[in-house]
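Heads up: the structure comes next, in structure tokens.
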Amino acid sequence: MVEKHRGNPKRKRTAVEAASRAAEMTNKAAAVAEREEVRARFAEGVAHVGSAVARELDLPRVLQVILDETVLTLRAQFAQVYLADEHQRALELVGHRNLPDDFKERLSRVSLDAPSLAARAASSRQTQLVSSIDQIDPAFELTRELLSRMACESMVALPLIVSDRLLGVLVFAMEAPHEFTHVERIALDSCANIFSFGIANATAYEHEHRLHLLFEAVGNATLAIASEFELRSVLQNIVDEARRIADAEYGVLWLVVAEEGAFGPVVFSGMTKEQEFAIGRYPVPIGTFGIPALEGQAVRMADVRRHPLFGWRPDQYPTVISLLVVPVRHKGRSIGNLYLANKRGAPEFSVEDERAVGLLASHAYAAVRQSQLRDQLDGERARFSTIVENAPHGVHFVEAGTERVIANRRAFEIVGQATVGRLDDYRGQVCTLDGKPLPREEWPARRALRGEKVETQELLLRRPDGREVPALVSVAPVHRLDGQLEGVVVAYEDISILKDLQRLREEWASIVTHDLRQPLNVIVTYIGMLRDMAQSPDPEKLSKGIEQTLKAAKALNRMISDLADVSHIETRRLDLMRRPTDLDVLVRGSVEQQRVMSPDRVINLDVGASIPKVNADPTRIEQVLGNLLVNALKYSDPQTTVEVEVRRVDNEVRVVVSNRGPDIAADDLPKLFDRYYRTPSARAGSARGLGMGLYIAKGLMEAHAGRIWAESRSGQTTFQFALPVMREEVLH
């Protein structure tokens, strides 16, 4: 039985077939298990990639996640991410993993028409799979070289597409040859969709973030224009914000207006002081500055060095590659350019950069115009303030409601109070001309604030120190554009001088009438006596009459001469006959003459040694000295002496005339040399005069380039005049 069974061929075939079928089924089961494992692994990888990408919103981080997940999840030896620039029909390398350094530069920018797997994926918008290095197109030399360098056999180029818009390409390679199954292809497409979504989402977020930065920058620029008062600070803010938004290395703002010339020097951002100095405050249109915005449109360049207008530039200029030029326009005309150079993180500036910078550039002219208007307003305000502050009249403004007072310097001088914050702060009084104080509610300013019409009037201001100042007061209301009362302006003129002149004129008229009538009366009287003596001559009476008539005529002639001298001094037509003069000799002669004319008085003379000559008109100097001697004798005590001294002090020769008697009040000393001025004690005394002698003496001294002054204290009054020593060259 056994032997028979073993030798049955039919049973043997059946066992082999069963074993074969079992092995086949086992292989199929293993293949199914392997496919399920791959599907599960890719599904898990896709889920992991989707989760990782979904967590990121920042574009650089998204690109990092894509590269990291490609290497870790898809087990790539190296990976590259390109972003598409469809306008330029090129791919820009924005990230990589394990890419050799020498390939970074060679693959940094790839044209869509280049013989490259990435370019083919981008142009065809289909996934490119290379299972083995032998399958690579012979034209793709750089791709083959890269795979050989990295010891890789298979490669994938995934186009990243969202809503039919090409975003970029993901390229990665694996070490071993690999036939991609249908399941793997589906997984790769899923990864591409996830990567595309992540990039699109991050790009949208970045765009939104850039818009936020743009609005923030435009807001900052607007606030800067509104808050800054200095033009350069405003323009600096604009170019700084433009450089920050566009992420540029350098920025330059250059404004020129043909009708008005340059608004100011060029404004720099991001440059060193050496670079700014090399370009200069007023750069010439060479190099980068030779590339203007064309016809008022912005210019964007990936490499400015290729532009025909770039030309030569100084070595100290900053290196410029990518360039954005945005025009600054006003009324449809370009008035300057905003230059941004060297885009960070990208090969060139984007359209969004151009739009953002354009918005900021539109503020540049507004800043300039506002600065011009502000400068104009400040200039007008400064001129008005200067005029008001230096006006000879007091001016103050009283604010409606608060009665706050703003006044010029002259106003405080007139009212005699250093500060007046409000009307009620004034410690003086406003009085009528007869000295009766006005109630504070009847002050002109308050009447005008109540809406009353106030006529110009003379009032008396009684200052806190008790001094009374006659003033001519005018009041005018100030209204806003809507007609509401802003306040009132009060202008008042100190008319003390006018009052003094009026009084002096009355006194002078009285003095002139008296003094002129007296010699005329003498002349008339003695002429009548001489006529009577003609019938009965009396030699003694005749001689006396002639002497008195001559004396009166001389006095009258002296008054007329003084009046003529006053006229000549005021019209600057005073004639001098100058010559080298020994002042000590001239003073001796005048003193001797006065001694003869006043034999009852003692006049002492002290002349210093080596008195130099002066260039003077001797007659006029005698006139001055004679006036001083007559005054000294007239206003001194009769028992006292008059002292005269001549001495040299530095480069001057001084003549001093002193007398003992009542002091001249300190308030009267500055007025002694005024025209027609006489001290109150002189007006009250018996001595007559027109008050012109010292005025004439001062005019004569000034005509000689000399000076004259007076001092009075401790019962001694001293008048001095000084003449410059004659120069040697004039003397010889």
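Test A356 against the criterion of being of a type in the set (A, V, I, L, M, F, W, C) and within 25 Å of the chain's Cα centre (by Cα), and give yes or no.
Taking the combined requirement at face value, the residue does not satisfy it.
Every residue, every condition in (1) outside any helix (DSSP H, G or I); (2) surrounded by 18 or more Cβ atoms within 10 Å (Cβ to Cβ), yes or no:
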{"residue": "A445", "(1), (2)": "no, yes"}
{"residue": "E455", "(1), (2)": "yes, no"}
{"residue": "L461", "(1), (2)": "yes, yes"}
{"residue": "L472", "(1), (2)": "yes, no"}
{"residue": "P477", "(1), (2)": "yes, no"}
{"residue": "V488", "(1), (2)": "yes, yes"}
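Does the stretch 272-287 include one or more residues that are part of a strand (DSSP E or B), modelled with pLDDT of 80 or more and of a type in the set (S, T, Y)? Walk me through how you get there before you give the answer.
Within the stretch 272-287, the subset part of a strand (DSSP E or B) is none.
The answer is no, given that none of the residues of the stretch 272-287 is part of a strand (DSSP E or B), modelled with pLDDT of 80 or more and of a type in the set (S, T, Y).
Do we have any residue at all in the stretch 656-674 that's in contact with a helix residue (DSSP H, G or I) (Cβ under 8 Å, 6 or more places away or on another chain), of a type outside the set (S, T, N, Q), on the phi < 0 side of the Ramachandran plot and modelled with pLDDT of 90 or more?
So far as the stretch 656-674 goes, yes, one or more of its residues are in contact with a helix residue (DSSP H, G or I) (Cβ under 8 Å, 6 or more places away or on another chain), of a type outside the set (S, T, N, Q), on the phi < 0 side of the Ramachandran plot and modelled with pLDDT of 90 or more.
Is it the case, given these coordinates, that R579 is touching a residue at least 24 places away in the same chain (Cβ under 8 Å) and out of contact with any Pro (no Cβ under 9 Å at 6 or more places or on another chain)? Even if it seems obvious, please write down each step before you answer.
Working: touching a residue at least 24 places away in the same chain (Cβ under 8 Å): yes; out of contact with any Pro (no Cβ under 9 Å at 6 or more places or on another chain): no.
No.
Determine if the stretch 129-147 includes at least one residue that is of a type in the set (G, A, S), touching a residue at least 40 places away in the same chain (Cβ under 8 Å) and buried (at least 19 other Cβ atoms within 10 Å of the Cβ).
First, the residues of the stretch 129-147 that are of a type in the set (G, A, S): 131-132, 139.
Restricting the remaining residues to those that are touching a residue at least 40 places away in the same chain (Cβ under 8 Å) gives 131-132.
Now narrow it down to the ones that are buried (at least 19 other Cβ atoms within 10 Å of the Cβ): none.
Scanning the stretch 129-147 turns up no residue that is of a type in the set (G, A, S), touching a residue at least 40 places away in the same chain (Cβ under 8 Å) and buried (at least 19 other Cβ atoms within 10 Å of the Cβ).
Specify which of the listed residues (N193, N201) is closer than 19 Å to D58 by Cα, among the polar types (S, T, N, Q) and free of Cβ contacts under 8 Å to residues at least 12 places away in the same chain.
On inspection, the qualifying residue turns out to be N193.
Taking the options A200, A226, name whichever one is out of contact with any helix residue (DSSP H, G or I) (no Cβ under 9 Å at 6 or more places or on another chain) and either of a type outside the set (D, E) or at pLDDT 80 or above (or both).
Testing whether each residue is out of contact with any helix residue (DSSP H, G or I) (no Cβ under 9 Å at 6 or more places or on another chain) and either of a type outside the set (D, E) or at pLDDT 80 or above (or both) leaves just A200.
All but one of (1) surrounded by 15 or more Cβ atoms within 10 Å (Cβ to Cβ); (2) within 57 Å of the chain's Cα centre (by Cα); (3) within 17 Å of Q77 (Cα to Cα) hold for P100, so report the exception by its number.
It is condition (1) that P100 fails.
Run down A411, A418, A448 and say which single residue is assigned by TED's automatic domain parsing to the domain that holds E486 and closer than 21 Å to H479 by Cα.
A448
Can you tell me how many residues within the stretch 104-125 are surrounded by fewer than 19 Cβ atoms within 10 Å (Cβ to Cβ) and in contact with a Leu (Cβ under 6 Å, 6 or more places away or on another chain)?
Qualifying residue count for the region: 2.
Please work out if R244 is in contact with a Pro (Cβ under 8 Å, 6 or more places away or on another chain), assigned to a helix (DSSP H, G or I), surrounded by fewer than 23 Cβ atoms within 10 Å (Cβ to Cβ) and modelled with pLDDT of 85 or more.
no
Residue-wise test of (1) hydrophobic (A, V, I, L, M, F, W, C); (2) outside the structural domain of N98 (by TED's automatic domain parsing); (3) under 26 Å from A246 (Cβ atoms).
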| site | (1), (2), (3) |
| --- | --- |
| L170 | yes, no, no |
| P177 | no, no, no |
| L188 | yes, no, no |
| I194 | yes, no, no |
| F197 | yes, no, no |
| A200 | yes, no, yes |
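Taking the condition touching a residue at least 24 places away in the same chain (Cβ under 8 Å) and either surrounded by fewer than 19 Cβ atoms within 10 Å (Cβ to Cβ) or part of a loop (DSSP other than H, G, I, E, B) (or both), does P159 pass?
No: the conditions fail for P159.
Exactly one of these conditions fails for K331: (1) surrounded by 14 or more Cβ atoms within 10 Å (Cβ to Cβ); (2) assigned by TED's automatic domain parsing to the domain that holds E276. Give me its number.
Condition (1) is where K331 drops out.
Any idea which of A47, A43, A30 is more than 17 Å from V110 (Cβ to Cβ), among the hydrophobic types (A, V, I, L, M, F, W, C), modelled with pLDDT under 60 and not assigned by TED's automatic domain parsing to the domain that holds D189?
Numbers: A47 fails: not assigned by TED's automatic domain parsing to the domain that holds D189; A43 fails: not assigned by TED's automatic domain parsing to the domain that holds D189.
After applying the criteria, what remains is A30.
Which number in (1) within 29 Å of M301 (Cα to Cα); (2) in contact (Cβ under 8 Å) with a residue 12 or more places away in the chain; (3) not in a loop (DSSP other than H, G, I, E, B) marks the one condition that E69 misses?
Among (1) within 29 Å of M301 (Cα to Cα); (2) in contact (Cβ under 8 Å) with a residue 12 or more places away in the chain; (3) not in a loop (DSSP other than H, G, I, E, B), the lone unmet condition for E69 is (1).
Go through (1) free of Cβ contacts under 8 Å to residues at least 24 places away in the same chain; (2) in the same structural domain as R422 (by TED's automatic domain parsing) and name the single condition S385 misses.
The single condition S385 does not satisfy is (2).
Any idea which residue in the stretch 626-642 is surrounded by the most Cβ atoms within 10 Å (Cβ to Cβ), counting only those that are touching a strand residue (DSSP E or B) at 6+ places or on another chain (Cβ under 8 Å), part of a helix (DSSP H, G or I) and without any contact (Cβ under 8 Å) to a residue 40 or more places away in the chain? Before you say what the answer is, go through the steps one by one.
Here is the first cut: in the stretch 626-642, the residues touching a strand residue (DSSP E or B) at 6+ places or on another chain (Cβ under 8 Å) are 628-629, 631-633, 635-637, 640-642.
Narrowing further to those that are part of a helix (DSSP H, G or I): 628-629, 631-633.
Checking the rest, the ones that are also without any contact (Cβ under 8 Å) to a residue 40 or more places away in the chain come to 629, 633.
On the way: L629: 25, L633: 18.
Here the residue is L629.
The values are calculated or read from the model by the stated rules, or taken from the named source; none is laboratory data. Since we're looking at a predicted model, the values are computed, not measured. Methodologically, a virtual Cβ is constructed for each residue, glycine included, from the backbone with ideal geometry; neighbour enumeration extends over all protein chains shown.
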